[in-house]
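Student: The structure is given below, and queries will be raised subsequently.
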Amino acid sequence: MEKKRNITYDYLRGFAMLFIVFGHLYFYSNRSEGSLAFNVCDTIELPVFMYISGLLAHVSVDRYGFRKLIWTKVIRLLFPLLSFYVIWGLWDSSYWSQFWLKEHKNGYWFMLVLFELMVTLSFVKKCSTQFKIKSIYVNTAVYAIASLAFVMIPKDGLVNHLLCVKLYWHFYPFFMMGYYSYRLDRFLQLKYAPLYLFLYLLVFFYFQNSLWKVGLNMVCNLFSLLFLLSVFSTSFKPLKSVFATVGVNSLQVYMLHFFLVFPLLTVLPVVENRWLEFPYYVAVASAIIFVTICISKLLMKSSWLAMFLFGVRRK
């Protein structure tokens with residue numbers, strides 16, 4: 001598998017990981033309101049991860065049967081989620097209840113939603129094979145049902161907070177776009193990148209005050225994703241090896257970076273100038289990523305910790 005690994009997706013994922021840590025620094029320092037830099041991050045970061053997760057899902061779905069895939073993803077995604085839930089709960093007892101009652105799960109919602117999407121994809125493929133229907137048609141029907149559920153379920157209700165229904169619905173198209181990426185090859189070319197960038201900026205700036213609306217936010221997500229894929233898949237070279245390293249370790253960085261973000265924000269000085277704030281947080285985010293990769297490599301030397309913290313099984 002390592003020989004077949006596409007390094008392009010690793011450094012694209014590494015690029016997105018920098019945006020995530022950068023965005024969390026803004027958000028948890030209460031500097032996100034009215035910040036152009038944060039709004040850009042918010043429309044770029046996670047669609048990339050969901051797209052690549054969907055693209056790589058072929059390996060898991062084709063290799064395992066339905067039951068084995070679920071068990072594999074329980075270990076890979078839910079086990080680390082519950083492990084960090086316990087760790088944070090021991091650190092702060094209020095976390096025990098907040099984790100389940102908050103939609104964003106204190107930042108760890110990504111693992112749960114990705115697990116739900118993997119199970120959905122496996123179910124779609126199973127139905128497609130059994131009833132001899134193209135999977136893309138089954139997927140469309142499933143997403144229509146999910147959209148109906150999204151409309152009917154209260155946004156502040158327990159079901160949405162517990163299962164992250166809104167986030168599942170929002171990122172479902174990007175995950176499935178990744179899965180059907182072979183259909184997008186002719187659209188993901190460098191010559192189309194300026195068009196996608198123009199459309200992204202048009203929606204972003206024209207509707208900036210309304211980006212909280214789900215539809216507009218998804219449109220922004222779409223054009224930013226198409227732009228990045230068009231650029232990275234053909235000619236993007238700057239800092240390739242650095243972003244590739246981050247991309248390979250993206251799960252570990254995601255799980256650990258909160259342990260550095262929260263303490264640092266209590267001691268780091270606040271930069272009031274918006275122009276200086278951007279390079280400042282980029283530097284801090286880069287340092288956090290570097291430290292988390294170093295820590296994760298130390299932790300991964302223990303097969304028990306690799307399993308407990310990151311769901312990585314070592315023989």
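Student: With the requirement that a residue be open to solvent by less than 40 Å² (accessible area, probe 1.4 Å) and either touching a Gly at 6+ places or on another chain (Cβ under 7 Å) or not aliphatic (A, V, I, L, M) (or both), what does the range 66-78 give you?
Tutor: T72, K73, I75, L77
Student: Now for a different question. Name the residues in the range 252-266 that are open to solvent by 20 Å² or more (accessible area, probe 1.4 Å), touching a residue at least 60 places away in the same chain (Cβ under 8 Å) and closer than 22 Å to L46 by Cα, would you?
Tutor: Matches in the range 252-266: F262 only.
Student: Next question, about the same structure. Return a yes/no flag: does the range 89-98 have any residue that is in contact (Cβ under 8 Å) with a residue 12 or more places away in the chain, among the charged types (D, E, K, R) and touching a helix residue (DSSP H, G or I) at 6+ places or on another chain (Cβ under 9 Å).
Tutor: The answer is no; no qualifying residue exists.
Student: Tally up the residues in the range 114-147 that are of a type in the set (S, T, Y) and touching a residue at least 24 places away in the same chain (Cβ under 8 Å), please.
Tutor: Selection size over the range 114-147: 3.
Student: Within the range 17-59, restricting attention to residues that are among the hydroxyl-bearing types (S, T, Y) and assigned to a loop (DSSP other than H, G, I, E, B), which residue is least open to solvent (accessible area, probe 1.4 Å)?
Tutor: Applying the filter and picking the extreme gives S35.
Student: Moving on. If we keep just the residues of the range 267-315 that are among the β-branched types (V, I, T) and not in a helix (DSSP H, G or I), which is surrounded by the fewest Cβ atoms within 10 Å (Cβ to Cβ)?
Tutor: In this case the residue turns out to be V270.
Student: Which of the numbered conditions does M118 fail, given that it passes all the others? Conditions: (1) touching a Phe, Trp or Tyr at 6+ places or on another chain (Cβ under 7 Å); (2) aliphatic (A, V, I, L, M); (3) over 23 Å from H24 (Cβ atoms).
Tutor: (1)
Student: Does any residue of the range 206-222 turn out to be part of a helix (DSSP H, G or I), at pLDDT 90 or above and either open to solvent by 30 Å² or more (accessible area, probe 1.4 Å) or over 26 Å from S29 (Cβ atoms) (or both)?
Tutor: Checked against the condition, which is being part of a helix (DSSP H, G or I), at pLDDT 90 or above and either open to solvent by 30 Å² or more (accessible area, probe 1.4 Å) or over 26 Å from S29 (Cβ atoms) (or both), the range 206-222 yields at least one hit.
Student: Let me ask something else. Under the condition of being basic (K, R) and either open to solvent by 10 Å² or more (accessible area, probe 1.4 Å) or closer than 16 Å to T140 by Cα (or both), which residue from the range 90-129 is modelled with the lowest pLDDT?
Tutor: K102
Student: Kindly check whether there is at least one residue in the range 157-170 that is open to solvent by 40 Å² or more (accessible area, probe 1.4 Å), under 21 Å from G65 (Cβ atoms) and hydrophobic (A, V, I, L, M, F, W, C).
Tutor: Checked the range 157-170: no residue is open to solvent by 40 Å² or more (accessible area, probe 1.4 Å), under 21 Å from G65 (Cβ atoms) and hydrophobic (A, V, I, L, M, F, W, C).
Student: Which pairs do you get when a residue that is among the β-branched types (V, I, T), found in the range 193-207, comes within reach of a residue that is surrounded by 12 or more Cβ atoms within 10 Å (Cβ to Cβ), reach meaning Cβ atoms under 7 angstrom, with the pair 6+ apart or on two chains?
Tutor: Final answer for the pair search is V203/L216; V203/V219; V203/C220; V203/F223.
The values are calculated or read from the model by the stated rules, or taken from the named source; none is laboratory data. This one's a predicted model, so the numbers in the text were calculated from it and none came from an experiment. As a convention, Cβ positions derive from the backbone with ideal geometry for all residues, glycine included, and neighbour counts pool all protein chains shown. For accessibility, only protein heavy atoms count, side chains too; no ligands or nucleic acids. Shrake-Rupley method; radii C 1.70, N 1.55, O 1.52, S 1.80 Å.
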